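Reading through the structure tokens given below for one structure.
Just so it is clear, none of the values below were taken in a lab; they were calculated from the coordinates. This is a predicted model, so every value here is computed, not measured. All Cβ positions, even for glycine, are placed from backbone atoms using ideal geometry, and neighbour counts span all protein chains on display.
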Amino acid sequence: MRKNIVAGNWKMNKTLQEGTAFIAELKQTLAGKSLGCDVVIGAPFIHLATIAEQAKGSAIGIAAENCADKAEGAYTGEVSAAMVASTGARYVILGHSERRAYYGENDAILSEKLALALANGLTPIFCIGEVKEEREAGKHFEVVAQQLEGTVFGLSAEDFSKVVLAYEPVWAIGTGLTASSAQAQEVHAHVRQLIASKYSAQIAEDCTILYGGSCNASNAKELFGQPDIDGGLIGGASLSVEKFLPIIEAFNK
Ligand code: PEP
């Protein structure tokens, strides 16, 4: 069964003290509320063990924002999927456009990361999406198809079923430009169709596909109301509980 998820992505924001203060506030705010979605917070590596412990017994799941493409060894500064899992985090964001653009993460690297994340019991939140020029050239359907083909579509049906996808048009990330609900819905429907062709109609139906790109309190309800949008990956608006909570509460499916 596909899940509704609202996932924050703090990126390189918040000290450990700011992160723990946020989790304490969110945990208290959500306590006793009946939620229409799972809630995930994606945080820097150094926060993970502390906030995963803090979030125990709450509705909040914790995600890393990345993991290494190697299992272990002499890779100074890297953090493996096994290390992420050992903190109590249950998810890992992979393929974010910032990782692709600034750190050269290509399909081959992302395929290694996906395999290691899954082997260590983590749920990948795997990001795809076109840049502005590709959207303007009408290539967005083709681009997401290629991104899927080179990465998650290399997985077995069993492993693919454990992946959460996030469609994030790069031109909408951190820009204040949101894809309209119609623009987002048509790409989500296209992605679901591609999954059906690759695997099966049931696997496509069960796949959680999030939207990301300047999602906020004022547009979340309309976006999440689309038949193929199962929640959001939220950057800027996940940095304060005040902005994040209405997005969680927008979920009324
Ligand atoms: C993101 O970085 O995944 C994202 C969607 O950011 P923002 O919400 O700030 O556009």
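So the values come out like this:
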quantity	calculated
Length-normalised contact order for the chain - Cα pairs under 8 Å, 6+ apart - percent	21
Cross-link table Lys27/Lys243; Lys27/Lys162; Lys56/Lys162, entries beyond 19 Å C-alpha to C-alpha	Lys27/Lys162; Lys56/Lys162
The range 69-117 shape via C-alpha gyration tensor axes, a/c threshold 1.5	prolate
Shape category assigned to the range 17-77 from the gyration tensor of Cα positions, a/c cut at 1.5	prolate
Rg and Dmax [Cα atoms of the range 176-253; Å; Rg one decimal, Dmax integer]	13.1, 41
Normalised alpha carbon radius of gyration of the range 104-175 [divisor 2.2 N^0.38 Å]	1.16
Between the range 10-72 and the range 180-253, the alpha-carbon center distance in angstrom	20
Global geometry of the range 32-134, whether rounded, prolate or oblate, following the gyration tensor of its Cα atoms and the 1.5 cut on a/c	oblate
Most to least packed among 53-66, 137-150, 221-234 [average Cβ atoms within 10 Å]	221-234, 53-66, 137-150
Test item: Cα-centred dipole of the chain, Lys/Arg +1 and Asp/Glu -1 on Cβ, debye	560
Taking the range 63-181 and dividing mean pair separation by its residue count, relative contact order in percent (alpha carbons under 8 Å, at least six apart)	25
Sorted peptide list for 84-93, 235-244, 104-113, criterion being average Cβ within 10 angstrom, highest first	84-93, 235-244, 104-113
Tail fraction, Cα-Cα pairs, the chain, threshold 24 Å, whole percent	42
